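Novice: Take a look at this one; I'll ask things after.
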Amino acid sequence: MAAQITPSSSSSSSLAFSSEFNVWKPMRCCFFKWVSQVCPRIRPSNHFRIKSSNGHPLNAFLTRGLLGLGMDGSPLAKGINPEEQEEFFIDILDKEEALSTLSITVVGASGDLAKKKIFPALFALYYEDCLPKNFIVFGYARTKLTDEELRNIISTTLTCRIDKRENCKDKMEQFLKRCFYHSGEYNSVENFAELDSKLKKKEAGKLSNRLFYLSIPPNIFVDVVRCASMKASSANGWTRVIVEKPFGRDSESSAELTRCLKKYLTEDQIFRIDHYLGKELVENLSVLRFSNLIFEPLWSRNYIRNVQFIFSEDFGTEGRGGYFDNYGIIRDIMQNHLLQILALFAMETPVSLDAEDIRNEKVKVLRSMKPLELEDVIIGQYKGHNKGGRAYPGYTDDSTVPKNSITPTFAAAALFINNARWDGVPFLMKAGKALHRKRCGLENPGQRSEFSSDTFQRNFGTDLDKATNELVLRVQPDEAIYLKINNKVPGLGMRLDRSDLNLLYRARFYDYPWQNKDFLPENAYLTGFNLKSKDNLLSETPYFLPRFSHCMNLRLRYPTEIPDAYERLLLDAIAGERRLFIRSDELDAAWSLFTPLLKELEAKKIAPELYPYGSRGPVGAHYLAAKYNVRWGDLGGEDD
């Protein structure tokens, strides 16, 4: 998926960065405030502590009082020297962790999501020492399985993807020993009471914190929550529930689901998960904007002509048509994944990095948007197509899809935000299945290169690409951030070309320690921000500069593998961090934008425009973009 920003034609100068910085000097306050709050959120994996929503360890009031500490960590008892406070505090935290346990119950443990995503994510967290010492994992489903059978199923999906440590097999065996299973009905209070008995036996009288992950269809959410809250909640710790999308089909069903859940849970106990919010590039979006002064002054209607959110898959429903046909591409992708990224992109600077401050700003953006109208939407459905000697089936050829289905597998829409920052800027969304390539990202055709006196206008001509700078964030595959700029081609003439200033995650994020400068080649040299071999300019292998004899250990800053989104979201749910989860009023605001459109489409039974499997989608999407003098960012160039 990619998003694209294009600058406004009203700007009279292009990239006069120095003058822009002079005008926007007060923004430095926001920058330092943002960075100062990013750092405390980083926690060493081998010192992971479960915290409550107020930031204190869960049993802090009890254990710190008993052990002689105030809530600020200051010693209450005499005899503790100031220089001993840090070691004393760490010792107390270790004792706190020894007195508590974490129980994770995966409801729907026999399903594909649990096997392919949730259990592997939990193992990855355990592998990286991100889980507390005392934790257990229970699977719960209707399927009759033993503990050993569950472990055999899980073991086939676990991988040591982060590196090739020698203890990988040992870690797997240790993790599997912590996994157990209980079979039961989803609406049976008695079965959940039996689960509670097993949990208490494993918790052995410790302070128990319980996390339930509902990897089940939404029509049984309430039954499970009712039974779990009545019979399997923690008696002396916290209980939290992760709920998977979809959160209803429209405003009414979503509100009803929330109302029913809140009969048994508080809002703080409900963690509505959208796994796209846990993806690395989506996490990086706010950092890119608020911690880089080059972008924030340009982040408005004055410099941005349009923003594009593009999601495409190169495969169809492939046997999942029964689920998909009940929701369609608008509910499945646009109303949640793409709209959440839009809200993060367009929000104002939050007061802090606290979850509520960030979610408040997202809600403001959603409430400022106009509900979608039919004239600003194109829908499509893929049909069968022969390509390269192979026959690709159409959507209605899927045996799980009704033959007369008009459910859209493609949608494109233009949305608008009615506030001072974004007034008049079209936010274009496009999502579809069975398209020509797999892609997800955000493209920002940004600053128009309209110099005063039109110095280079004759070099651009009518080429919209060269007349526009674009900031692209590619969420998947091959995560990347790059800025498309114009530059002069070397030579005697004045010829312009398009270049990318890029951060390619797979090429940039290495971790190579060099302990001895004697092992480094003599011709190593510095180029840009990387140390590279002079004999291999394209190599991303870092080398040490011999003249930097005082540097004995060179490390690039990033890990070789990007964690899966579910790892980050599970870790945050355990820690009580709600920033990447959806609040109920945020959900209401999101559905209010799409519900009128969805009802109109269904009431009028509007047939989708057909497009061939493996194509770029229906032609109508290009007319929609042209309506706002825009060209989709996934046309032409190296992104094609």
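The values are calculated or read from the model by the stated rules, or taken from the named source; none is laboratory data. Bear in mind the structure is a predicted one, so any value in this text is a computation, not a measurement. Note that each Cβ is placed from the backbone with ideal geometry, even for glycine, and that neighbours are counted across all protein chains shown. All accessible areas refer to the heavy atoms of the entire protein, side chains included, with ligands and DNA or RNA removed. Shrake-Rupley method; radii C 1.70, N 1.55, O 1.52, S 1.80 Å.
Novice: Please compute the length gained on full extension between residue 403 and residue 494, using 0.36 nm multiplied by the number of residues separating them and subtracting their Cα-Cα distance.
Specialist: 26.9 nm
Novice: Now for a different question. How much of the accessible area of the stretch 324-371, probe 1.4 Å, is carbon plus sulfur, in whole percent?
Specialist: Carbon and sulfur atoms account for 46 percent of the accessible area of the stretch 324-371.
Novice: Compute the signed sum of charges (Lys and Arg +1, Asp and Glu -1) over the other residues within less than 13 Å, Cβ to Cβ, of residue 221.
Specialist: Residues close to residue 221 contribute a combined charge of +3.
Novice: Let me ask something additional. In whole Å, what is the distance between the alpha-carbon centres of the stretch 178-208 and the stretch 297-335?
Specialist: Distance between centres, Cα-based: 39 Å.
Novice: For the stretch 93-244, what % of the accessible area comes from carbon and sulfur atoms, probe 1.4 Å?
Specialist: 50 percent
Novice: Give the peptides 425-436, 112-123 in descending order of average Cβ contacts within 10 Å, highest first.
Specialist: Ranked from most to least packed, the peptides come out as 425-436, 112-123.
Novice: Here is a follow-up. Under 5 Å between amide hydrogens, which residues at least 5 positions from residue 305 or on another chain qualify, with H placed 1.01 Å from N in the peptide plane?
Specialist: Result for residue 305 returns 6, 8.
Novice: Let me ask another. Quick check: residue separation of residue 202 and residue 185 times 0.36 nm, minus the Cα distance between them. What number comes out in nm?
Specialist: 4.0 nm
Novice: Quick check: pseudo-label points 7 Å beyond the Cα along Cα→Cβ at residue 603 and residue 423, how many nm apart are they?
Specialist: Computed distance between label sites residue 603 and residue 423 equals 3.1 nm.
Novice: Accessible area per residue, 1.4 Å probe, Å², for the stretch 180-314: what's the number?
Specialist: 35 Å²
Novice: Ordered by residue, what ³J(HN,Hα) values in Hz, to whole numbers, does the stretch 385-395 give under the Karplus form 6.51 cos²θ - 1.76 cosθ + 1.60, where θ = phi - 60° and Gly and Pro are x?
Specialist: 7, 9, 8, x, x, 10, 9, 9, x, x, 4
Novice: What FRET efficiency comes out for the pair residue 294/residue 357, r = Cβ-Cβ distance, R0 = 35 Å, nearest 0.05?
Specialist: My answer for the efficiency is 0.90.
Novice: Keeping every protein chain present and rolling a 1.4 Å probe, give me the accessible area per residue for the stretch 559-640 in Å².
Specialist: For the stretch 559-640, the solvent-accessible area averages 40 Å² per residue.
Novice: Which whole-Hz ³J(HN,Hα) couplings does the stretch 580-593 yield from phi under the Karplus relation 6.51 cos²θ - 1.76 cosθ + 1.60, θ = phi - 60°, glycine and proline marked x?
Specialist: 9, 10, 9, 7, 5, 5, 5, 5, 4, 5, 5, 5, 5, 6
Novice: Additional query: Once phi is turned into ³J(HN,Hα) by the Karplus curve 6.51 cos²θ - 1.76 cosθ + 1.60 with θ = phi - 60°, what whole-Hz value does each residue of the stretch 175-192 show in order, with x for glycine and proline?
Specialist: Once θ is set to phi - 60°, the couplings for the stretch 175-192 become 5, 5, 5, 8, 9, 9, 9, 9, 9, x, 7, 6, 10, 9, 4, 4, 5, 6 Hz.
Novice: To continue, here is another question. Rounded, prolate or oblate for the stretch 93-244? Axes are the square roots of the Cα gyration tensor eigenvalues, ordered a ≥ b ≥ c, and the cut-off for rounded is a/c under 1.5.
Specialist: oblate
Novice: Follow-up. In terms of modelled amide H atoms, which long-range or inter-chain residues lie less than 5 Å from the amide H of residue 272?
Specialist: 243, 582
Novice: Sorting check: for 290-296, 611-617, 245-251, which peptide has the highest mean count of neighbouring beta carbons within 10 Å, and how do the rest follow?
Specialist: Peptide ranking by packing, descending: 611-617, 245-251, 290-296.
Novice: Using Cα-Cα distances under 8 Å and only pairs 6 or more residues apart, what relative contact order does the stretch 255-397 have, in percent?
Specialist: Computed over the stretch 255-397, the figure is 16 percent.
Novice: Restricting to Cα pairs below 8 Å that are 6+ residues apart, what does the relative contact order work out to for the stretch 93-244? Please round to a whole percent.
Specialist: 31 percent
Novice: Next up: Gap in Å between the Cα centre of the stretch 236-260 and the Cα centre of the stretch 566-602?
Specialist: 10 Å
Novice: Further question on the same structure: Can you compute the modelled spin-label distance between residue 623 and residue 146, with each label point 7 Å from Cα toward Cβ, in nm?
Specialist: That separation, rounded to one decimal, is 6.4 nm.
Novice: Oh, and also: Starting from the stretch 573-640, pick out the GluC sites (Glu not before Pro) whose DSSP state is loop and whose Cβ has at most 10 other Cβ atoms within 10 Å.
Specialist: 638
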